[in-house]
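The values are calculated or read from the model by the stated rules, or taken from the named source; none is laboratory data. What you are looking at is a predicted structure, and each value in this text was computed from that prediction instead of being measured. FYI the Cβ positions are ideal-geometry reconstructions off the backbone, even for glycines, and counts take in every protein chain you see.
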Amino acid sequence: MNKVAELSRLHTAGHLIGLAIKHLGLPLMSRQSHHLPGESYVECKGDIDENRKEEIKTAIEEEVNKLIAENKPIVERVQLVEMCPSIPYQVPNDKPMRVVIVEGEAGIPCGESHVCVTSQIGRVIINEISTKNGNVRICYSLN
Ligand SMILES: [Zn+2]
């Protein structure tokens, strides 16, 4: 597996974790992600019950791997301006804004590279969920 492909898989997995959180209705809002091999995580604003951590970890892992098994196509490099005639002022207009869309889901502005279908990610493992100062960090890796 080459490095770029591995980063695309890890990065796209981060998006799927965000989608899984949404599907599960967890009170978390993704705020940043980091996707280098061995240290990947998605960090969210919000809080989860410490006693339910293991249960939530399993639920996210199952939901992400379900999205992967569904082999959903991913569209990337759609120009944001073509999709959204009205863009909030917070979006910088001096950068090429692109959108990534997992089929059937809302688009997410993102300029990085992604796999073409979710099945290319392989199996995702949620290694740990940690909470600190109103942030929830979901650490993951690929099998
Ligand atoms: Zn992305």
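Considering the conditions (1) modelled with pLDDT of 90 or more; (2) within 16 Å of the ligand (Cβ to nearest atom), GLU128 is excluded by exactly one of them, (2). For the stretch 116-140, a residue qualifies if it is surrounded by fewer than 18 Cβ atoms within 10 Å (Cβ to Cβ) and touching a helix residue (DSSP H, G or I) at 6+ places or on another chain (Cβ under 8 Å), and the qualifying residues are SER119, GLN120, GLY122, ARG123, ILE125, GLU128, THR131.
Within the stretch 102-114, residues that are within 13 Å of the ligand (Cβ to nearest atom) sit with their Cβ atoms under 6 Å from residues that are of a type outside the set (Lys, Arg) and at pLDDT 85 or above, at 6+ positions apart or across chains, in these pairs: VAL102/ILE74; GLU105/LEU19; GLU112/HIS11; SER113/SER8; HIS114/SER8; HIS114/THR12; HIS114/ILE74. Among the strands (runs of 3 or more DSSP E) confined to the stretch 1-115, the ones with at least 2 residues that are modelled with pLDDT under 85 and surrounded by fewer than 13 Cβ atoms within 10 Å (Cβ to Cβ) are located at 74-79. Among the residues making up the stretch 1-43, those that are within 14 Å of the ligand (Cβ to nearest atom) and under 14 Å from ALA59 (Cα atoms) are LEU16, ILE17, GLY18, LEU19.
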